[in-house]
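All remarks here apply to the structure that follows.
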Amino acid sequence: MRMTTRRGRFAPTPSGRLHIGNARTALIAWLHTRAAGGRFVLRMEDIDKPRSRPEFAEQIVADLRWLGLDWDEGPDVGGPHGPYEQSKRESLYEQTLQRLEQSGLLYPCYCSRAELAAIASAPHGLDAEGPAYPGTCRRLAPAERAARAAVKTPSLRFAMPDRAIAFDDMAAGRQNAPAGTGGDFVVKRADGIYGYQLAVVADDAAMGITDVVRGADLLDSTPRQIALYEALGLPVPRFGHVPLLLGPDGRRLAKRDDAIMVASMRAAGVQPEKVVGWLAYWSGLIAQPEPVSAWELVPGFDIAKVPPEPVAVTDRALRELAP
Ligand code: GLU
């Protein structure tokens with residue numbers, strides 16, 4: 001039997017700098033790919049243009065390289081599936097949308113802007129995306145739909161299938177989402193911005209990604225993405241959602257905290273192997289937070305062995321990393 005080459009990716013949103021939580025996710029996705037001799041892709045998820053900044057994208061690339069990670073395809077190195085920036089891939093998203101439209105799986109939604117605001121940009125859990133959409137506009141009578149269409153540009157929603165979606169997550173184990181979890185989601189906002197779920201599925205499929213390794217905050221998005229793959233008749237990749245790294249207070253890492261930024265560690269003259277050592281330690285890959293290079297961690301890496309519980313970084317670690 002001929003095995004397909006594993007293809008993994010890291011897909012940061014350049015709306016801020018790379019912090020140790022993002023860096024750890026990148027490291028694990030990279031290790032998972034390299035351990036199988038696969039190809040690694042870097043994709044900039046700058047689809048929400050007002051929130052994304054080119055200087056963050058450049059900084060993320062530089063920080064990842066400084067950590068010792070590399071990629072076979074990406075914005076700075078090109079490759080056969082480019083461009084590797086979502087802002088340059090809108091025609092693919094439009095084509096994907098058309099296919100869904102032709103299958104009758106989309107419907108216009110006229111609900112208020114506030115309800116829709118979070119959807120394209122913040123794919124972090126159901127909270128960030130707002131409550132599950134109750135399906136109001138799915139049930140509009142044709143006359144009512146026409147009346148609304150006359151006064152408002154709609155967003156487009158994907159009608160989630162009415163069945164449970166289950167999958168085996170390489171890191172988080174068996175997942176079961178009851179029918180309708182998360183509700184019908186927006187694939188194109190009224191302002192023309194394509195939704196995260198649509199873009200990520202279109203890109204992962206077009207880039208031939210076989211293994212999607214990312215943070216556990218995206219576990220909630222996965223049943224929706226699987227529904228999209230299936231609706232589009234595309235092969236569903238394997239998923240691995242790695243537990244989050246938390247701040248010393250046990251809360252989500254604060255995006256504005258300088259002490260957790262890879263760039264700050266770099267600027268303070270900390271060696272990259274020291275940072276990688278802590279990232280590996282927090283992932284259960286080494287017993288002590290000793291300096292190590294990313295490549296030294298490749299032999300024998302197994303994502304299934306990364307402990308499933310979230311890990312809180314300690315003040316001691318932060319003192320060492322950002323003196
Ligand atoms: N761009 C998303 C983020 O930065 C990640 C998307 C993904 O890995 O599927 O959170």
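A compact table of results
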| item | result |
| --- | --- |
| Sole exception among (1) open to solvent by 10 Å² or more (accessible area, probe 1.4 Å); (2) within 15 Å of residue 69 (Cα to Cα); (3) within 15 Å of the chain's Cα centre (by Cα); (4) among the charged types (D, E, K, R) for residue 34, by number | (3) |
| So residue 16, is it surrounded by fewer than 23 Cβ atoms within 10 Å (Cβ to Cβ) and within 12 Å of the ligand (Cβ to nearest atom) | yes |
| Some residue of segment 290-303 being free of Cβ contacts under 8 Å to residues at least 24 places away in the same chain and under 22 Å from the mean Cα position of the chain (by Cα) | no |
| Counted residues, segment 230-247 - those being modelled with pLDDT of 95 or more, within 13 Å of the ligand (Cβ to nearest atom) and not in a strand (DSSP E or B) | 1 |
| Single condition residue 57 does not satisfy, out of (1) small (Gly, Ala, Ser); (2) more than 12 Å from the ligand (Cβ to nearest atom); (3) open to solvent by less than 60 Å² (accessible area, probe 1.4 Å) | (2) |
| Candidate set from segment 287-318 (those that are of a type in the set (S, T, N, Q) and modelled with pLDDT of 95 or more); member that is most open to solvent (accessible area, probe 1.4 Å) | 288 |
| Residue 189 out of contact with any helix residue (DSSP H, G or I) (no Cβ under 8 Å at 6 or more places or on another chain) and of a type in the set (Lys, Arg) | no |
| Filtered residue count, segment 208-224, keeping only those that are of a type outside the set (Val, Ile, Thr), within 12 Å of the ligand (Cβ to nearest atom) and within 17 Å of residue 42 (Cα to Cα) | 3 |
| Which listed residue, of 202, 227, is crowded, with 18+ Cβ neighbours inside 10 Å, over 15 Å from the mean Cα position of the chain (by Cα) and either in a helix (DSSP H, G or I) or more than 12 Å from the ligand (Cβ to nearest atom) (or both) | 227 |
| Filter result for the condition that a residue is at pLDDT below 65 and more than 16 Å from the ligand (Cβ to nearest atom), over 94, 129, 115, 101 | 115 |
| Flag if residue 256 is of a type in the set (D, E, K, R), within 14 Å of the ligand (Cβ to nearest atom) and either touching a helix residue (DSSP H, G or I) at 6+ places or on another chain (Cβ under 8 Å) or in a loop (DSSP other than H, G, I, E, B) (or both) | no |
| Every pair of residues 6+ apart whose Cβ atoms lie under 7 Å, when the first sits in segment 211-222 and is more than 19 Å from residue 183 (Cα to Cα) and in a helix (DSSP H, G or I) while the second is more than 7 Å from the ligand (Cβ to nearest atom) and not polar (S, T, N, Q) | 216/172; 216/241; 216/242; 216/243; 216/244 |
| Residue within segment 70-84 that is within 11 Å of the ligand (Cβ to nearest atom) and surrounded by fewer than 18 Cβ atoms within 10 Å (Cβ to Cβ) present | no |
| Members of segment 218-254 found to be out of contact with any strand residue (DSSP E or B) (no Cβ under 6 Å at 6 or more places or on another chain) and under 14 Å from residue 11 (Cα atoms), listed by number | 218 |
| Qualifying positions in segment 19-46 - under 22 Å from residue 206 (Cβ atoms), more than 9 Å from the ligand (Cβ to nearest atom) and of a type in the set (A, V, I, L, M, F, W, C) | 26, 30, 36, 40, 41, 42 |
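The values are calculated or read from the model by the stated rules, or taken from the named source; none is laboratory data. Just so it is clear, the model here is predicted, and its values are computed rather than measured. Quick reminder, even Gly has a Cβ in these numbers, built from the backbone with ideal geometry, and neighbours come from all protein chains shown. These area figures cover heavy atoms from the full protein model, side chains too; ligands, DNA and RNA do not enter into them. Shrake-Rupley method; radii C 1.70, N 1.55, O 1.52, S 1.80 Å.
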